[in-house]
Amino acid sequence: MISFSRWLVLILSLGVTGYGLYAYLALPPGTSVHPDMKAAYAAHPGRIVAHVAFSALALAVGPLQFFPALRARRRLHRGLGYLYFLGVMGGGIAGFCTAFIAYGGLVARVGFGMLALVWLWTALAAIHAARRRDFEAHERWALRSFALTFAAVTLRLYMPLFFAAGIAFEDFYPVQAWLCWVPNLILLEWMLLGRAKAQK
């Protein structure tokens with residue numbers, strides 16, 4: 001079951017990575033977004049490209065760290081970790097800048113802005129713990145960081161459900177700005193708490 005979960009996370013992450021690179025970098029700015037978002041994307045292509053490119057790096061590399069065979073190779077694990085960190089730093093900073101032009105008004109802008117800040121914070125905490133050689137704390141913070149990275153996936157998983165329920169894009173998108181990442185963190189904290197109790 002755990003092995004299946006790892007592969008599922010990897011497949012979903014790579015799928016969204018490929019989609020994002022094609023939709024936001026290969027096509028003209030604003031081509032693949034809602035019509036109401038096209039003007040903002042066309043006016044600020046630099047921050048969009050930076051956010052997508054760096055975030056794609058984090059989303060593609062992050063799931064590899066869950067595989068024990070790769071994690072056991074310390075130099076590879078460390079190298080992938082720094083690549084992931086680079087992706088989060090670039091994606092988070094560009095994401096915070098992009099939040100100011102996010103579609104959906106203040107609710108969406110605050111939601112995406114908070115996501116970017118917490119994403120940066122968790123990655124920095126993971127690196128800091130690793131440098132202190134507190135590897136248990138490093139693992140917890142790295143998991144929190146990837147739970148936020150995975151928001152790129154959950155954002156797109158929820159979207160067809162809202163459409164299927166007949167909810168208009170302009171009504172659900174501000175909710176998406178929070179729904180894509182807050183439940184991820186809550187679920188992860190619940191799992192970490194359960195693991196800590198089992199180890200006692």
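Throughout, read-outs are computed from the coordinates displayed, never taken from laboratory work. None of the values given here were measured: they were computed from a predicted structure. Here the Cβ is made from the backbone with ideal geometry for all residues, glycine too, and neighbour counts use every protein chain on show.
Odds and ends about this structure:
- Sparse-neighbourhood loop sites, GluC sites (Glu not before Pro) in segment 107-182 - DSSP loop, at most 11 other Cβ within 10 angstrom: none
- Highest-first arrangement of 171-179, 185-193, where packing means the average Cβ count within 10 Å: 171-179, 185-193
- When the Cα convex hull of the chain is projected onto planes of every orientation, the mean area is 11.8 nm².
- Karplus-derived 3J(HN,Hα), 6.51/-1.76/1.60, for each residue of segment 85-101, Hz, glycine and proline x: 4, 4, x, 5, 4, x, x, x, 5, 5, x, 5, 5, 5, 4, 5, 10
- Summing Cβ point charges (Lys, Arg +1; Asp, Glu -1) relative to the Cα centre of segment 22-135 gives a dipole of roughly 640 debye.
- Our summary gives the chain a relative contact order of 18 percent, counting only alpha carbon pairs under 8 angstrom and 6 or more residues apart.
- Charge dipole (debye, nearest 20) of segment 9-199; +1 at Cβ of Lys and Arg, -1 at Cβ of Asp and Glu: 900
- Projecting the Cα atoms of 104, 46, 77 onto the dipole axis of the chain, where Lys and Arg carry +1 and Asp and Glu carry -1 at the beta carbon, places 77 farthest toward the positive end.
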